[in-house]
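Chemist: Quick one: the structure is below, questions incoming.
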Amino acid sequence: MNSIKKMFIIHLFLIIIGTFAASDANAHRVTIFAWVDGDTVHTQSKFGGGKMVNNGEISVFDLEGNLLLKGNTDENGDFSFKLPKKTSLKIELKAGMGHQNEWIVHAEEIEALQQDSFVASDRSEDVNEAAETRSEPVAAPGLTREDIEQAVDQALEKKLKPVMQILSDMSDPGPRISDILGGIGYIIGLAGIGAYFNNRKKTDSETR
Amino acid sequence: MHISEGVLSWPVLASGAALAAAGTAVGLKKLDYDRIAQAGILSASFFVASLVHVPLGPSNVHLILNGVVGLLLGWAAVPAIVVALILQAVLFQYGGITTLGVNTVIMAGPAVICYLVFAPMISKKPRIAVFAAFAVGFFSVLLGGIVVGLALMFTEKNFFEVAGLVVAAHIPIMIIEGFVTVFCVSFLKKVQPSLLPGSLN
């Protein structure tokens, strides 16, 4: 019993180190996060814990599995490409040594954006027609509809970038203390179950 | 060293799973009552070892500890590592459920091989014991890298390229694991020699 106690202390020490070192960067898995912005798809790839994937291989497929395009991430883990097709996209990341992950951009996400701009242009045409009939000025002189759209797009992109970054970070929370303690609890429980059944076998054979 | 889901073809996955199942069966058979607590604690150590980071230059590496687990448990290291890998896959998303078998072979295979090769030397003279302990830590990671290369060989590039890449990336951790194992063994020799192979059974 004494031996188990001493060993327990040694390993408890290791477990405690592990628990507190958990917040550090690690390279056990990779994640990829992608979002659509107009006709461009941005992707960001990183290893668990926040290290960016430099020169990771990115392949873009449609849902039937046809390869649409390929590329490599830069040192910030970013890779952007023009929408090759208005379907759902499966973006696959290969970071070497068996690390791989994927992200699916759903067609609704792309269509919603496209429709938004259609609706916007439809509506502005209506407004234009109305404006023609009422002969009232719609936009400030010297500004076309395209100019305003572009300016809004740019402003939105700037404002949304940090939000996208937060979303990207949230898609990879990494191991939490609750995960770690839960796992240790499972192992102790399993050892307990093993000990229980072994003990029953022992007492059974003793009583017989 | 965890291989993610969807990387390997199914024959590799199936043979990994078969080997892991066989190893687990042997391990459970050899795991007697007195060692269940030890196996549980070592399994927990392995489970968290991958979270222990050693900062080293620009990158940092993490402990694997499969050598220590193998040295102290022998064949019983296989079920201990399987349990830890299942929990790592479910809770941390390291590796995956379909690749569980292959990942078990990667971690537990070298652990058992190192046990079979080096465990008899641990009870010998101190100098030999230190060498053997270092070798356990070193080769358990090195062999793991080679198994990764073997597993990826069927789906990616050629064996030497992948295995070389994995092994090169893990050279620092091989050395660190070597020292950690030496430390563990010499510590156990002082406080509790009966835990080491060759003295108890």
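The values are calculated or read from the model by the stated rules, or taken from the named source; none is laboratory data. None of these values were measured; they are calculated from a predicted model. For neighbour counting, all protein chains shown are included, and Cβ atoms are generated from backbone atoms with ideal geometry for every residue, glycine included. When the accessible area is computed, the model is the full protein with side chains, heavy atoms only, and any ligands, DNA or RNA have been set aside. Shrake-Rupley method; radii C 1.70, N 1.55, O 1.52, S 1.80 Å.
Chemist: Name the residue, out of B:A22, B:A37, that is out of contact with any Lys or Arg (no Cβ under 7 Å at 6 or more places or on another chain), among the aliphatic types (A, V, I, L, M), at pLDDT below 90 and assigned to a helix (DSSP H, G or I).
Modeler: B:A37
Chemist: Moving on. Pick from B:A37, B:A22: which is more than 13 Å from every other protein chain (Cβ to nearest Cβ), closer than 30 Å to B:L195 by Cβ and without any contact (Cβ under 8 Å) to a residue 40 or more places away in the chain?
Modeler: Step by step, each of B:A37, B:A22 is checked, and only B:A22 is more than 13 Å from every other protein chain (Cβ to nearest Cβ), closer than 30 Å to B:L195 by Cβ and without any contact (Cβ under 8 Å) to a residue 40 or more places away in the chain.
Chemist: I would also like to ask the following. Which of the residues spanning segment A:153-206 are in contact with a helix residue (DSSP H, G or I) (Cβ under 8 Å, 6 or more places away or on another chain), surrounded by 15 or more Cβ atoms within 10 Å (Cβ to Cβ) and charged (D, E, K, R)?
Modeler: Matches in segment A:153-206: A:D179 only.
Chemist: Suppose we filter segment A:77-99 for residues that are closer than 13 Å to A:F33 by Cα and part of a strand (DSSP E or B); how many remain?
Modeler: 8
Chemist: Identify, by number, the condition in (1) in contact with a Ser or Thr (Cβ under 6 Å, 6 or more places away or on another chain); (2) more than 9 Å from every other protein chain (Cβ to nearest Cβ); (3) closer than 17 Å to B:S140 by Cβ; (4) not β-branched (V, I, T) that B:A80 doesn't meet.
Modeler: Just one mismatch for B:A80, condition (2).
Chemist: Take segment B:85-121 and flag every residue that is in contact with a Leu (Cβ under 8 Å, 6 or more places away or on another chain) and under 15 Å from B:A18 (Cβ atoms).
Modeler: B:T98, B:T99, B:L100, B:G101, B:V102, B:N103, B:T104, B:V105, B:G109, listed by residue number.
Chemist: Further question: Any residue in segment A:153-169 that's in contact (Cβ under 8 Å) with a residue 24 or more places away in the chain: show its pairings with residues that are surrounded by 13 or more Cβ atoms within 10 Å (Cβ to Cβ) at Cβ separation under 6 Å, as long as the two are six or more apart or on different chains.
Modeler: Pairs found: A:M164/A:W35; A:S168/A:F33; A:S168/A:Q44.
Chemist: Filter segment B:127-153 for residues that are of a type in the set (V, I, T), closer than 23 Å to A:G96 by Cβ and either open to solvent by less than 10 Å² (accessible area, probe 1.4 Å) or in contact with a His (Cβ under 6 Å, 6 or more places away or on another chain) (or both) and give the result.
Modeler: B:V141, B:V148
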